[in-house]
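Participant: Just passing along the structure, written as structure tokens.
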Amino acid sequence: MLKAHVQRGFTLIELMVGVAVFACLMAIGAPSFSTWMQNSQIRTAAEAIQNGIHLARAEAVRRNTSVRFQLIDTLTNACALSTSGSNWVVSLDPAAGACDAAPSADLAAPTAPRVIQSRAAGAGASRAVIAADQSSIVFNGLGRVTPVPGGNINVNVTNPTGGACAAASGPMRCMRVVVSAAGQVRLCDPRFASSDAQGC
């Protein structure tokens, strides 16, 4: 009895059709993937700022002393406070002019600025743009903002290279970090109404 010979594998035509279908799918999906990447940079930057503010508040309560969250333009000794700074420093003293100081294990030491933690802008969010109401937020030992602001402190995070914000009918899902006078910190989306759980 003769066994039939069975060929396994792909023919050249099947392979070409598969490559063509894959190329079409990539061409359709590439713009969406690019938008997703741009939006993820906004979210990464906003979450980093939110975490830095939470850290400053938690350290103020834990140490029962004033701790400040500061937006700065660079992490060098030439640093200055900036409402558009995407780097930040959490410290006990003003960090301007000494932002490259290493975090200190002994925060009781007299050497300012007694840095607790710092973060560089380029860490996963190089295209995010920051616009804050103020460059420094100070928390007291009760976890409240001092001096008491007239309203909420907003830190807006956008990505103009990816396009306009969704609130302005653009493709970017811009975010906002809101700090209340009582010290509550939340991340919200300005395109939603304030009555929405995700809204500002």
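The values are calculated or read from the model by the stated rules, or taken from the named source; none is laboratory data. Nothing here was measured: the structure is a model prediction, and the numbers come from that model. Note that we place each Cβ from the backbone using ideal geometry, even for glycine, and neighbour counts take in every protein chain shown.
Participant: In region 55-71, how many residues are crowded, with 16+ Cβ neighbours inside 10 Å and either in a helix (DSSP H, G or I) or over 20 Å from the mean Cα position of the chain (by Cα) (or both)?
Facilitator: So the answer is 7.
Participant: When Ser66 is evaluated against the numbered criteria (1) among the polar types (S, T, N, Q); (2) touching a strand residue (DSSP E or B) at 6+ places or on another chain (Cβ under 9 Å); (3) without any contact (Cβ under 8 Å) to a residue 60 or more places away in the chain, which criterion, by number, is the only one it fails?
Facilitator: (3)
Participant: Residues in region 126-140 that are modelled with pLDDT under 95 and farther than 25 Å from Thr44 by Cβ: how many?
Facilitator: 0
Participant: Shifting gears a bit: Being of a type in the set (D, E, K, R) and modelled with pLDDT of 95 or more is the filter here; which residues of region 40-58 pass it?
Facilitator: As a first pass, look at region 40-58 and keep what is of a type in the set (D, E, K, R): 43, 47, 57.
Hit for region 40-58 is Arg57, nothing else.
Participant: While we're on this one: Hey, any hits in region 171-179 for a residue that's in contact with a Leu (Cβ under 7 Å, 6 or more places away or on another chain) and within 25 Å of Ile42 (Cα to Cα)?
Facilitator: Yes, region 171-179 has at least one match.
Participant: Would you mind listing the strands (runs of 3 or more DSSP E) fully within region 152-200 where at least 2 residues are in contact (Cβ under 8 Å) with a residue 12 or more places away in the chain, of a type in the set (Gly, Ala, Ser) and within 16 Å of Gln134 (Cα to Cα)?
Facilitator: Counting at least 2 such residues, we get no strands (runs of 3 or more DSSP E) at all.
Participant: Which residue, of Gly183, Gly162, is surrounded by 15 or more Cβ atoms within 10 Å (Cβ to Cβ), touching a helix residue (DSSP H, G or I) at 6+ places or on another chain (Cβ under 9 Å) and either acidic (Asp, Glu) or at pLDDT below 90 (or both)?
Facilitator: Gly162
Participant: So, one more: Would you tally the residues in region 86-99 being crowded, with 21+ Cβ neighbours inside 10 Å and not aliphatic (A, V, I, L, M)?
Facilitator: Looking only at that region, the number is 5.
Participant: Looking at (1) modelled with pLDDT of 95 or more; (2) part of a loop (DSSP other than H, G, I, E, B); (3) not polar (S, T, N, Q), which is the only condition Ala105 fails?
Facilitator: (1)
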